[in-house]
């Protein structure tokens with residue numbers, strides 16, 4: 001059987017022993033890694049605020065989604081209310097029909113347009129808020 005000695009802190013010493021008389025205790029030296037520059041973590045919000053290229057890409061994506069929404073709602077508006085005069089001009093008998101003494105044309109123009117406008121407005125606001133919420137989730141704190 002062989003016995004192993006515990007490692008010495010300094011040559012000629014055993015751990016836990018005081019230095020021999022007349023000698024100063026050994027000088028301790030701290031060994032550290034070289035100082036390196038810490039990389040700063042940038043957020044998307046700081047990129048947008050600094051108007052960097054990355055921030056510009058995020059802003060363009062938000063603006064593109066809002067533009068797509070606006071064009072879609074405008075298309076629906078043109079296809080519903082915008083085509084109503086064309087419909088009334090191409091169907092002449094519709095101009096002669098009356099309900100309770102009121103021409104149907106007046107009813108369509110006076111009462112039929114507003115529910116469509118309100119529905120399109122509600123749809124636009126909900127989708128615009130959803131776009132902004134999605135954008136906030138994308139750039140918000142993680």
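What follows draws every value from the coordinates through simple rules; no lab data is involved. Being a predicted model, the structure only gives us computed values, none of them experimental. Positions of Cβ are backbone-derived with ideal geometry, glycine not excepted, and every protein chain shown enters the neighbour counts.
Per the Debye calculation on segment 80-121 with a single equal scatterer at every Cα and no solvent contribution, log₁₀ I(q)/I(0) for q = 0.27, 0.28 Å⁻¹ amounts to -0.95, -0.98.
Label separation (residue 138 vs residue 64): 0.8 nm, computed from points 7 Å beyond Cα along the C-beta direction. Is the shape of segment 45-142 best called rounded, prolate or oblate, per the rule: a/c under 1.5 gives rounded, else a/b larger than b/c gives prolate, else oblate, with a ≥ b ≥ c the square roots of the Cα gyration tensor eigenvalues? Prolate is the answer for segment 45-142, as a/c is 1.5 or above and a/b outweighs b/c. Grab the beta carbon distance between residue 53 and residue 99, set R0 = 41 Å, and tell me the FRET efficiency rounded to 0.05. About 0.10, to the nearest 0.05.
Here the label points at residue 83 and residue 116, each 7 Å from Cα along the C-beta direction, are separated by 0.9 nm in the simple model.
How far apart, in nm, are two points set 7 Å out from the Cα along the Cα-to-Cβ line at residue 76 and at residue 28? Result: 7.3 nm between the two label points. Estimated at 0.36 nm per residue, the fully extended path between residue 107 and residue 35 surpasses their Cα-Cα distance by 18.0 nm. With contacts taken as Cα pairs under 8 Å at a separation of at least 6 residues, segment 68-139 carries a relative contact order of 37 percent. Distance from the C-alpha centroid of segment 93-110 to that of segment 121-142: 41 Å, rounded to the whole angstrom.
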